[in-house]
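Please read the structure below before turning to the comments.
The values are calculated or read from the model by the stated rules, or taken from the named source; none is laboratory data. Here the structure is a predicted model, which means the values were calculated and not measured. Counting neighbours? That spans all protein chains shown, and the Cβs are built from the backbone with ideal geometry, glycine included.
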Amino acid sequence: MDLAYLDYVARFGEKIIEIARATVKDLGEKGREELKSEKDIVTKGDIAVAERIRDYLKGTGHKFLLLDEELGATALNCTPQDANFTVAIDDIDGTENYHSITRSKPYCSIFAIFAGRQPRFKDALVAGILEHSSGDIWFSVRSHGCHLTPGGDLRIGPAEVRASPHKTLDQRLQFRFDLYQAYGRVNTPRQNEAYARLMQQAWAKDFGSSAFHLAEVACGSAAGYVNPAHKAHELGAGYLLVTEAGGIITDFSGKDLGEQRFEFNRTYPIIATGTPELGTVVRKILNL
């Protein structure tokens, strides 16, 4: 794909990250205030980030289909059928961490820009994850790798990162596992046994932010990540970041996620690893 075209699309992504960072910073403690609590907590920060990104995209004059966790689906400067790009946003992933008085856990803003209006995961052109507490930014442009800017400081980064080369699993290896999606739902005994086996054979932790887990896999600080019901909100960005870093994301049968249709309101069972070999080991442990 033409580099000038990708660079042009990347500017939209850079601005989205900039808006998300500035909005959370501007709101300060007020942003953490809860507006409603149904299945998930929604804060003033969630809504403010969503609205400011929407207004920016609309102001560009380009034809976007915006898929936002808080605002839903919105066609900007076009009808949904005429959109040139699909933009998927999770305004603040890890909202409970953001809302909590304990600031030790990560919370992120995520975006992915896809070509067209009914994309597959492999159609992602540009994606990024901003972790607000550290300022770290992971950013990918298709076919140009995954880059990390520590603390958002351009004097330090961006530097290209690679996924973990590990091919086997043991209890010393950093691994991520979404405990809420695994144990916060009604499972069959076979599923519970499978998740327990994985927990016994890996040093598995859950930091409460799916986006952060995927970013960790992309930069190699975690060898892998399993989520039995991953929301698409974060997964569009995660797919591009992890694959551009040399890793893979498959479903529980081992099929690469790239060919699957990106559906914003769906969940997907995923195994993200730095190597195909480690993915095979994890699938055998789960045996689902």
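Key figures for this structure:
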quantity: Neighbours by Cβ (under 7 Å, 6+ apart or cross-chain): first from the stretch 179-204, outside the structural domain of residue 94 (by TED's automatic domain parsing) and of a type in the set (Gly, Ala, Ser); second assigned to a loop (DSSP other than H, G, I, E, B) and surrounded by fewer than 16 Cβ atoms within 10 Å (Cβ to Cβ); calculated: 194/287; 194/288; 202/171
quantity: Yes/no for residue 248 being modelled with pLDDT of 95 or more, closer than 23 Å to residue 158 by Cα and in contact with an Asp or Glu (Cβ under 7 Å, 6 or more places away or on another chain); calculated: yes
quantity: Filter result for residue 202 (surrounded by 18 or more Cβ atoms within 10 Å (Cβ to Cβ) and touching a helix residue (DSSP H, G or I) at 6+ places or on another chain (Cβ under 7 Å)); calculated: no
quantity: Residues that are closer than 23 Å to residue 139 by Cβ, surrounded by fewer than 20 Cβ atoms within 10 Å (Cβ to Cβ) and not charged (D, E, K, R), drawn from the stretch 20-67; calculated: 22, 56, 59, 60, 62
quantity: Residue 9 being closer than 14 Å to residue 97 by Cα, modelled with pLDDT of 95 or more and of a type outside the set (Asp, Glu); calculated: no
quantity: Test set (1) touching a residue at least 12 places away in the same chain (Cβ under 8 Å); (2) out of contact with any Gly (no Cβ under 8 Å at 6 or more places or on another chain); (3) farther than 20 Å from residue 208 by Cα - residue 72 fails condition number; calculated: (1)
quantity: Yes/no for residue 169 being at pLDDT below 95, farther than 18 Å from residue 210 by Cβ and not assigned by TED's automatic domain parsing to the domain that holds residue 7; calculated: yes
quantity: Strands (runs of 3 or more DSSP E) contained entirely in the stretch 160-241, each with at least 1 residues that are over 28 Å from residue 145 (Cβ atoms) and not polar (S, T, N, Q); calculated: 224-231
quantity: Residue ID - nearest to the chain's Cα centre (by Cα), chosen from residues in the stretch 68-104 that are crowded, with 16+ Cβ neighbours inside 10 Å and among the hydroxyl-bearing types (Ser, Thr, Tyr); calculated: 95
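Here is a yes/no grid of residues against (1) closer than 22 Å to residue 235 by Cα; (2) assigned to a loop (DSSP other than H, G, I, E, B); (3) at pLDDT below 95:
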{"site": "18", "(1), (2), (3)": "yes, no, no"}
{"site": "26", "(1), (2), (3)": "no, no, no"}
{"site": "29", "(1), (2), (3)": "no, no, yes"}
{"site": "56", "(1), (2), (3)": "no, no, no"}
{"site": "59", "(1), (2), (3)": "no, no, no"}
{"site": "78", "(1), (2), (3)": "no, yes, no"}
{"site": "91", "(1), (2), (3)": "yes, no, no"}
{"site": "96", "(1), (2), (3)": "yes, no, yes"}
